[in-house]
Amino acid sequence: MISRPIQTLRLVLGDQLSDQLSALRGLDPAQDAVLMAEVADEATYVRHHKQKIVLIFAAMRAFADRLRKRGVRVRYVTIGDPANSGSIAGELTRACADLRPAAVVRTVCGEWRLEESLAQWAGTGEPVFEAREDDRFLCSRKDFAAWAEGRRELTMEWFYREMRRRTGLLMEGDKPVGGVWNLDRDNRGKPPAGVRPPQRPSRAISPGLAAIIDEVEARFGDHFGEVETFRWAVTAEEAEADFAWFLEQGLPRFGDWQDAMRPDEPWMWHALISTSLTLGLLDPLDVCRRAEAAWKAGLAPLNAVEGFIRQIIGWREFVRGVYWLKMPEYALRNALEADRELPWFYWSGETDMACVADVVTSVKRHAYAHHIQRLMVTGNLAMLLGVAPDRINDWYMVVFADAFEWVELPNTHGMATFADGGIVGSKPYAASGAYINRMSDYCRGCRYDVKGRLEDDACPFNALYWDFLDRNEPRLRAQGRLMMPYKTLEKMEPEERRRIRDKADRLKTAMGATPVRAGSDPAG
Ligand code: DLZ
Ligand code: SF4
């Protein structure tokens, strides 16, 4: 415990583990202290995957040690501390009562929910409470709002170009290198059958990490997911090792094959640095500059480097901007009036749809699936079934180690399920089995026939896809973005359309995607 009087208490949250965090700026080790707290509220506001809780606690403990080595006083409250109040606001109150600081400084939270709670706590009076911008993001909330002001549509591509100009990444003067801004078209290949993704170095579980795993099992044993397969970086050094490996081994082929999916290959050529970026163990601009340097040195092609940089200075910053611009109303949107339960197999993986079973197995084992698995397998299926937004958002928040609401909600609600009605994506990313077959090796090993539509063994995505378009025709057709499929639908006989609807209804019932009963709980 800390006994000397404290000038400034600096709050550091579980996703604010950066040396350059704004709340730590100006820190005087002789007079200040840092507060970090493992609390039940944050571990259970959704029933996070066990690996996510292990990751946060392990990374928080390692960061506290890092600060202590710099001579900083840290008040660190563990989850097992009998005096632990269970919430961040409660821990601030306790710390202020014990330490009587003249001021409390924090960096604004990533999630609206916690930001609201801390803003209210500040309203209780003493001491002086300062909330600083999270300038680990390249575009501040204010700058994003200014960019969005007066635009009829918020298009990621225009925002991305602005960010390219602002950072100078992949620019020649005011022009993109190679004359093209976006090489997404070159990111849709599939690796030849004999080519395996590169082997990732394994990471030993330290005694400290093993103790956290045991503790999380003991306290949160009924949460989703396996934990023995934990492999996330928990320190800046481990995150750096992951990124260095990716630059050399993953990046050169990342561009060609970033959308491809294979059974039992959860990582493919992906970087696995999203948790490290979000927790603050890696710096977004630094990783982009180093990827650019790899291209300049001839070590990685432009389609890979542009694709990587687009994810970070484009998508990542864009979805965060949208989140803060639109919350809290954003979370309540339900443009397609989706109102069904989430099928149970999203939790168990027990389905004979090979693609869905593989993705759910991967999230259970690794708290990870890559963006196309999330968007076009689990997200697409939930949208086609008409799963209620709170059900599917809850699932995404629970199962992924990198799910924080500022990034999860716009991706799920906006991109994957179109619940936001077109703020993030300009059209629903609805797809039949043909897309999954084109981008993966799943269908070969599946008991369903990806080409069938109405037969008993027909791929369920197919009837659900046409039923989705049919049901939502009044909403979607006018948009003009789905002209081709609507033309095909128009050509179908009314009897065919009726049979598709009947088959889709049967599938929904069989999958447990039944209408939500008023007052029932998203987590079941
Ligand atoms: C996700 C998470 C978890 C599981 N636990 C903690 C915790 O015990 N203490 C803490 O400071 N932060 C935790 N976090 C991260 C917070 O939920 C995150 O800072 C907010 O959601 C705001 O983004
Ligand atoms: Fe998935 Fe359909 Fe292919 Fe089976 S046939 S793997 S259900 S897309």
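Where a number appears in this text, it was derived from the coordinates with a stated rule and is not lab data. Here the structure is a predicted model, which means the values were calculated and not measured. Methodologically, a virtual Cβ is constructed for each residue, glycine included, from the backbone with ideal geometry; neighbour enumeration extends over all protein chains shown.
For the range 1-75, the square roots of the Cα gyration tensor eigenvalues, ordered a ≥ b ≥ c, give a/c of at least 1.5 with a/b greater than b/c, which places it in the prolate category.
Per-residue packing, averaged as other Cβ atoms within 10 Å, sorts the ranges 274-282, 452-460 into the order 274-282, 452-460, beginning with the highest. Restricting the GluC sites (Glu not before Pro) of the range 106-191 to loop positions (DSSP other than H, G, I, E, B) with no more than 16 neighbouring Cβ atoms within 10 Å leaves GLU133, GLU149, GLU153. In summary, the lysines within cross-link reach of LYS175, defined as a Cα separation below 20 angstrom excluding same-chain residues under 8 places away, comprise LYS296. Quick one: helix 494-511 against the long Cα principal axis of the chain, what's the angle to the nearest 10°, folded into 0 to 90? On a 0 to 90 degree scale, this one is about 40. The range 189-205 and the range 278-337 have Cα centres lying 23 Å from one another. Note that the chain, at 37 °C in a medium of 0.692 mPa s, gets a Stokes-Einstein diffusion coefficient of 134 µm²/s from its Kirkwood radius over C-alpha pairs. How would you classify the range 414-524 from its alpha-carbon gyration tensor, with a ≥ b ≥ c the square roots of the eigenvalues: rounded for a/c under 1.5, else prolate if a/b is greater than b/c, otherwise oblate? Since a/c stays below 1.5, the shape of the range 414-524 is classed as rounded. Remark: the Cα gyration tensor places the range 244-379 in the oblate category, a/c being 1.5 or greater and a/b not exceeding b/c. In straight-distance terms, cross-link reach from LYS508 covers every one of the lysines whose alpha-carbon lies under 30 Å from its own, apart from those fewer than eight places away in the same chain; here that gives LYS50, LYS364, LYS427, LYS451, LYS487, LYS491.
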